[in-house]
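The values are calculated or read from the model by the stated rules, or taken from the named source; none is laboratory data. Computed from a predicted structure; not experimentally measured. When we count neighbours, we look across all protein chains shown, and the Cβ atoms used for this are built from the backbone with ideal geometry, even at glycine.
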Amino acid sequence: MSKKVRELYEQFPYPLRDPQEEKDRLLMPPMDTLSRVNHYGFAGRKNVDAGFRALVAGGGTGDSMVWLAEQLRDCGGQVTYLEPSQASTQVARARAEARGLVNVTYVNATIGEFAAMAPEKFDYINCAGVLHHLEDPEEGLRDLVSVLADDGCIGAMLYGEHGRLAVTEWRKMVAPLLPGKDLNEQLAMTRSLLSSLPEGNMLLKMGGGPGFIKGLLENDPEIVDLLLHPVECAYDVHGVYDFAASAGLDVAAFTGFFGFGGTGKAHYSIENHITDPRILRDLMALPLRDQQAFCERYSAAMPLHAFYLTRPNKVPSVAVMPDRDLCPWFFVAPSDSFFDDLLKYAGKPIVLADGTGNAVDLTGGPDLAKLLALFDGKTSFGDISIRLRDEILHKQPIDMNQIADNTLAAVWALFHKFDWMLASSLEGGGQQHDVERRLSVLAPK
Ligand SMILES: C[S@@+](CC[C@H](N)C(=O)[O-])C[C@H]1O[C@@H](n2cnc3c(N)ncnc32)[C@H](O)[C@@H]1O
């Protein structure tokens, strides 16, 4: 870890957090919600219990550590918080103490130093916004893999090369002005430039408008981390895959991150960007990573990539249609009137929405309501398919096995698109809902 990076995080612990706020709210970084980790990292089959061990590598002021420790508090699972900055650790520890969390071990070291200690292996490793600040990110990832359990999963976040072009351009612009200034002088200069930013500046578009710059000006650690970091690199979609492969890992799925949509993964799906059927057909014929790389440049809205990594062939796909013994369940809980509304608007075009801008159009009715009621986290895909065939589709005069499976796969795809549903084994447990979203039926227009 370079001296400059070490000094930066001693002076500006990141992100800016006040331990007092733990009394009023719990921050839940979406990547670290364990029911989602279980779904993508373990195909829904992980038993999250007292033996579960999570590592937060480069834990900063503690967002992921606090959320993971909260989720593991009742079952007795443990979190190791690894962070070289004493100042950041002080904030993180105060937050955990404010919540009465006792299942956290604090380690003051770098990833490399920690790996050299050969600790017991971890089931889940969070490493968000850290590896792109290392002199050798690939070495950092290999160090993490050396402490990952055989069936373990890493949740990582790296800067996105394309969506971050505004920052790259900014850094090129100020580079000649930085030499000879210490970090405080650089910060003062940056604040001055930001406070009279021309309307056409790319930073405004990247951040979604003037509110972004106003927020930056109230948050020095954010300015320093975003615009004045001495060591950083960024990755496009192919770069993410190649980076994973450099440590012998697969990208299991892209996922969501703070301020980056409810799920994130929907951003990487071409059906969400392209409607022209001919272009869509050509794109669908490409390998998945080419499709995702297309989305990255077409949307130009990915300043970062958050994703799960696993060892190759460890995780059966849950994307198309999960194994028949797994049970689908609503990760985003339906509103109290959800099923009644489906019946009320039977036969009419409706919109299902989760309150964060994610929506799908469909025409519902009693059959869909009956089918969705079976997605209860206790009934397996195999049993649902049989009941769909015998109780819902039975009126049809042809063999319904294939049609039942296809219907089920189509409904699953619809509800898995924004992680409204996940799948897990009954033993897996941990079917914790996404507490930030609620699924509703919007009345027909
Ligand atoms: C941008 S912050 C991210 C903090 C946190 N992961 C988050 O997402 O909120 C980067 C953190 O990585 C830590 N860090 C930098 N180099 C490191 C290394 N070699 N090993 C472990 N942590 C490191 C820094 O001290 C800093 O707290």
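So which of 185, 135 ends up being assigned by TED's automatic domain parsing to the domain that holds residue 298 and either loosely packed, with under 13 Cβ neighbours inside 10 Å or without any contact (Cβ under 8 Å) to a residue 24 or more places away in the chain (or both)?
Residue meeting the stated conditions: 135.
Please verify whether region 161-183 includes one or more residues that are within 30 Å of residue 250 (Cβ to Cβ) and in contact with a Cys (Cβ under 9 Å, 6 or more places away or on another chain). Write out each step before concluding.
Taking region 161-183 and keeping what is within 30 Å of residue 250 (Cβ to Cβ), we get 161-165, 167-168.
Then drop every residue that is not in contact with a Cys (Cβ under 9 Å, 6 or more places away or on another chain), which leaves 161.
Yes, because at least one residue in region 161-183 is within 30 Å of residue 250 (Cβ to Cβ) and in contact with a Cys (Cβ under 9 Å, 6 or more places away or on another chain).
Restricting to region 92-113, and then to whatever is under 25 Å from the mean Cα position of the chain (by Cα) and within 10 Å of the ligand (Cβ to nearest atom), can you tell me which residue is surrounded by the fewest Cβ atoms within 10 Å (Cβ to Cβ)?
112
Here is a check on your reading of the model: is residue 8 near the ligand (Cβ under 9 Å from one of its atoms) and either modelled with pLDDT of 95 or more or buried (at least 16 other Cβ atoms within 10 Å of the Cβ) (or both)?
On the way: near the ligand (Cβ under 9 Å from one of its atoms): yes; either modelled with pLDDT of 95 or more or buried (at least 16 other Cβ atoms within 10 Å of the Cβ) (or both): yes.
In short, yes.
Pairs, please: C-beta under 7 Å, at least 6 apart or cross-chain, first residue more than 16 Å from residue 169 (Cβ to Cβ) and in region 199-210, second not hydroxyl-bearing (Ser, Thr, Tyr)?
Sorted first by the residue in region 199-210, then by its partner, the pairs are 210/204.
Show the residue pairs that are 6+ apart or on different chains and have beta-carbon atoms under 8 Å apart, the first residue being within region 3-23 and basic (Lys, Arg), the second being near the ligand (Cβ under 7 Å from one of its atoms).
6/84; 6/85; 17/61; 17/63
So which pairs qualify, if the first residue must be in region 338-350 and in the same structural domain as residue 420 (by TED's automatic domain parsing) and within 9 Å of residue 443 (Cβ to Cβ), the second must be at pLDDT 90 or above and in a helix (DSSP H, G or I), the Cβ gap must be under 8 Å, and the two must be at least 6 apart or on different chains?
Within 8 Å, the pairs are 350/341; 350/342.
Among the residues of region 116-142, how many are among the aliphatic types (A, V, I, L, M) and closer than 27 Å to residue 256 by Cα?
The qualifying residues number 6.
Just give me the residues in region 193-213 being in contact with a Leu (Cβ under 7 Å, 6 or more places away or on another chain) and hydroxyl-bearing (Ser, Thr, Tyr), in sequence order.
195
Go through region 274-300 and give me each residue that's in contact with a helix residue (DSSP H, G or I) (Cβ under 7 Å, 6 or more places away or on another chain), closer than 29 Å to residue 126 by Cβ and surrounded by fewer than 18 Cβ atoms within 10 Å (Cβ to Cβ).
Passing the criteria: 289, 299.
Being more than 16 Å from the ligand (Cβ to nearest atom) and either at positive phi or buried (at least 16 other Cβ atoms within 10 Å of the Cβ) (or both) is the filter; apply it to region 114-126 and report the residue that is modelled with the highest pLDDT. Give the steps one after another, and end with the answer.
So in region 114-126, the residues more than 16 Å from the ligand (Cβ to nearest atom) come out as 118, 120-121, 123.
Within this subset, residues satisfying the condition of being either at positive phi or buried (at least 16 other Cβ atoms within 10 Å of the Cβ) (or both) are 118, 123.
Values: 118: 92, 123: 98.
That would be 123.
Taking only region 166-178 into account, find how many residues are surrounded by fewer than 19 Cβ atoms within 10 Å (Cβ to Cβ) and either touching a residue at least 60 places away in the same chain (Cβ under 8 Å) or in contact with a His (Cβ under 7 Å, 6 or more places away or on another chain) (or both).
Within region 166-178, residues that are surrounded by fewer than 19 Cβ atoms within 10 Å (Cβ to Cβ) and either touching a residue at least 60 places away in the same chain (Cβ under 8 Å) or in contact with a His (Cβ under 7 Å, 6 or more places away or on another chain) (or both) number 1.
Condition (residue is acidic (Asp, Glu), within 13 Å of the ligand (Cβ to nearest atom), outside the structural domain of residue 420 (by TED's automatic domain parsing) and surrounded by fewer than 24 Cβ atoms within 10 Å (Cβ to Cβ)) applied to region 45-55: is it met by at least one residue?
We begin by selecting, within region 45-55, every residue acidic (Asp, Glu); these are 49.
So of that shortlist, the ones also within 13 Å of the ligand (Cβ to nearest atom) come out as none.
Within region 45-55, not a single residue is acidic (Asp, Glu), within 13 Å of the ligand (Cβ to nearest atom), outside the structural domain of residue 420 (by TED's automatic domain parsing) and surrounded by fewer than 24 Cβ atoms within 10 Å (Cβ to Cβ).
Would you mind stating whether residue 238 is over 16 Å from residue 133 (Cα atoms) and in contact with a Cys (Cβ under 7 Å, 6 or more places away or on another chain)? Lay out the reasoning, then the answer.
Details: over 16 Å from residue 133 (Cα atoms): yes; in contact with a Cys (Cβ under 7 Å, 6 or more places away or on another chain): no.
When the stated conditions are applied, residue 238 does not pass them.
Criterion first (outside the structural domain of residue 126 (by TED's automatic domain parsing), within 16 Å of the ligand (Cβ to nearest atom) and farther than 26 Å from residue 307 by Cα) does residue 219 satisfy it?
yes
Count, please, the residues in region 222-252 that happen to be within 16 Å of the ligand (Cβ to nearest atom) and assigned to a strand (DSSP E or B).
Here the count works out to 1.
Checking residue 61 against (1) away from the ligand (no atom under 16 Å from the Cβ); (2) modelled with pLDDT of 95 or more: exactly one of these is not met. Which one?
(1)
Of the residues that make up region 210-229, is at least one of a type in the set (D, E, K, R) and surrounded by fewer than 16 Cβ atoms within 10 Å (Cβ to Cβ)? Give the steps one after another, and end with the answer.
Let us first name the residues in region 210-229 that are of a type in the set (D, E, K, R), namely 214, 218, 220, 222, 225.
Cutting the leftovers down to surrounded by fewer than 16 Cβ atoms within 10 Å (Cβ to Cβ) gives us 214, 218.
Within region 210-229, one or more residues are of a type in the set (D, E, K, R) and surrounded by fewer than 16 Cβ atoms within 10 Å (Cβ to Cβ).
Which number in (1) closer than 23 Å to residue 224 by Cβ; (2) away from the ligand (no atom under 13 Å from the Cβ); (3) at pLDDT below 95 marks the one condition that residue 18 misses?
Only one criterion is unmet by residue 18, namely (3).
Being within 25 Å of residue 161 (Cβ to Cβ), in contact with a strand residue (DSSP E or B) (Cβ under 9 Å, 6 or more places away or on another chain) and surrounded by fewer than 16 Cβ atoms within 10 Å (Cβ to Cβ) narrows it down to one of 312, 349, 303, so name that one.
312
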